[in-house]
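Please read the structure below before turning to the comments.
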C-alpha cells in the first residue's frame, strides 16, 4: 500500500513521527473543513437550499489554468500521476491496480478529506474535491482523461480512479 510520507521525504522518519505529523495535518485540515461546513450552513440558513445547489454547480464547472507546454500524452500521464501521488502522500492510501502506457488506475482506501467531512456530517462538500480530478488532469494535458465509478466520499469502500489517454 502506498501513501507513506516516507515516500516523499528526503530522509525517512519513524512510524511514530509520521503519525505525529499526520495527526497535525489532520487537525489543520479539520479546522479548515469545519469552517467550510459552517459557511455552507450559514449560506443555507440565509439563502435556503439554493446555496447547496450553487456548491454542486461550482463543483461541476471547475476550471484550471491549462499548462502551456505539454509533452507526449504518455509522458504527461506518468508525470501527472507521479505528481498526484506525491501530493497525496500521508493523507491518502492507495495501490496502483493499472499501470500501462495509456492508463494508470488506483484503488484509494483512505482519503483524509472523506474521513473528516463524514465526521463533520457533510461528505457532499468533499465531492467538490473529487470533482476537481477530471478538470485537473485535463489542464495538465487536454488529451488526458479521468474515470471513476466509486468514491469514498459517497460511502464506497474505495475510490477507483483511472487516469488515461483519451482517443
Quotient of Cα Rg and 2.2 N^0.38 Å for the chain, N being how many residues it contains: 1.11
Against the rule of thumb 2.2 N^0.38 Å, how large the Cα Rg of the stretch 115-167 comes out: 1.26
Length added when fully stretched, residue 95-residue 82, from 0.36 nm per residue minus Cα-Cα: 3.4 nm
Computed [θ] at 222 nm, helices only, for the chain once each DSSP H run of length n ≥ 4 contributes -39500 (n - 2.57): -16500 deg cm²/dmol
Virtual spin-label span in nm between residue 2 and residue 103, 7 Å along Cα→Cβ: 1.7
Residue 51-residue 119 pseudo-label distance in nm [points 7 Å out on the Cα-to-Cβ vector]: 2.3
Solvent-free Debye scattering, log10 I(q)/I(0), computed from the Cα coordinates of the stretch 1-60 at q = 0.14, 0.16, 0.21 Å⁻¹: -0.61, -0.68, -0.82
Where labels lie 7 Å past Cα in the beta-carbon direction, separation of residue 17 and residue 71 in nm: 3.2
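Every number in this text was worked out from the coordinates using simple rules, so none of it is lab data. What you see is a predicted model; the values in this text were computed from it and never measured. Note that each Cβ is placed from the backbone with ideal geometry, even for glycine, and that neighbours are counted across all protein chains shown.
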